[in-house]
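Okay, structure first, notes after.
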Amino acid sequence: MDRPNRNIARGEATRAQLIAIATRLFAEHGYEGTSIEAVLREAGVSRGSLYHHFAGKEALYEAVVEDVETKVGNQTLAAASDATSAVDALRKGFIEWIRLASDPVVQRILLIDAPSVLGWQEWRAMEERHALGLIRSVLQEIADQGDLRPELVGTLAHVLLASVNEVALLVARADDQQAAMKNGADAIDELLRRLLS
């Protein structure tokens with residue numbers, strides 16, 4: 001009875017190892033510049049072991065994107081955990097996302113490669129489960145309180161996500177990231193104040 005549990009744990013550990021190694025390689029070399037052979041070499045596992053967990057390179061990349069999205073989502077939720085209002089939660093979450101987007105791993109995997117590798121529809125579906133879904137739920141809370149027209153929730157969620165992603169890219173590529181971060185935070189504050197006050 002203990003053996004199946006050990007096999008499951010070993011399989012989960014191998015899968016997590018493959019995702020961690022692939023994350024680093026995809027971030028360093030991009031999707032096109034990373035081969036399955038490089039992942040296998042670094043992981044020290046057989047091709048069969050990799051294909052037991054992932055149908056191919058694209059499936060491995062999708063698992064990497066999902067993992068990075070989940071980690072980013074958890075960090076943005078944690079940053080907003082002490083928010084005093086729904087708008088404050090958006091602000092704190094957005095500021096954390098801008099900070100996280102300066103991480104080369106997040107930048108390369110989520111902002112640069114994911115839309116083209118996964119395709120727009122799959123990438124958007126993943127965003128729906130993560131960032132866009134979180135934004136929409138906070139906006140729905142604001143609408144439920146009577147501070148936003150309910151029919152605007154979906155569209156405004158897209159507007160806010162697009163805006164904060166652009167700010168994140170500006171900060172990530174700035175020569176002076178501290179100044180860009182301050183300007184980005186100020187811009188987010190102004191945007192939220194004008195839209196939701």
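Placing +1 on the Cβ of each Lys and Arg and -1 on the Cβ of each Asp and Glu in the chain, which of A16, L191, A168 has its Cα farthest towards the positive end of the resulting dipole?
A16
Relative contact order (percent) for the chain, with alpha-carbon contacts under 8 angstrom and 6 or more residues of separation?
21
Counting other C-beta atoms within 10 Å, and keeping those with at most 13, which DSSP coil GluC sites (Glu not before Pro) do you find in segment 10-45?
Those satisfying the criteria are E32.
For segment 58-196, what is the largest minus smallest coordinate of the Cα atoms on each principal axis, given in angstrom and ordered from greatest to least?
Result for segment 58-196: principal-axis Cα extents of 43, 34, 23 Å.
For segment 174-191 and segment 77-96, what is the centre-to-centre distance using only Cα atoms, to the nearest Å?
17
Given only helices, namely DSSP H runs of n ≥ 4 each adding -39500 (n - 2.57), what is the per-residue ellipticity at 222 nm of the chain, to the nearest 500 deg cm²/dmol?
Estimated from H runs of four or more residues: -25000 deg cm²/dmol.
Taken together, the values in this text are just the output of simple stated rules run on the coordinates, not laboratory data. Since the structure is predicted, the reported quantities are computational estimates derived from the model, not experimental observations. Cβ sites come from the backbone with ideal geometry, for glycine too, and all protein chains shown count toward neighbours.
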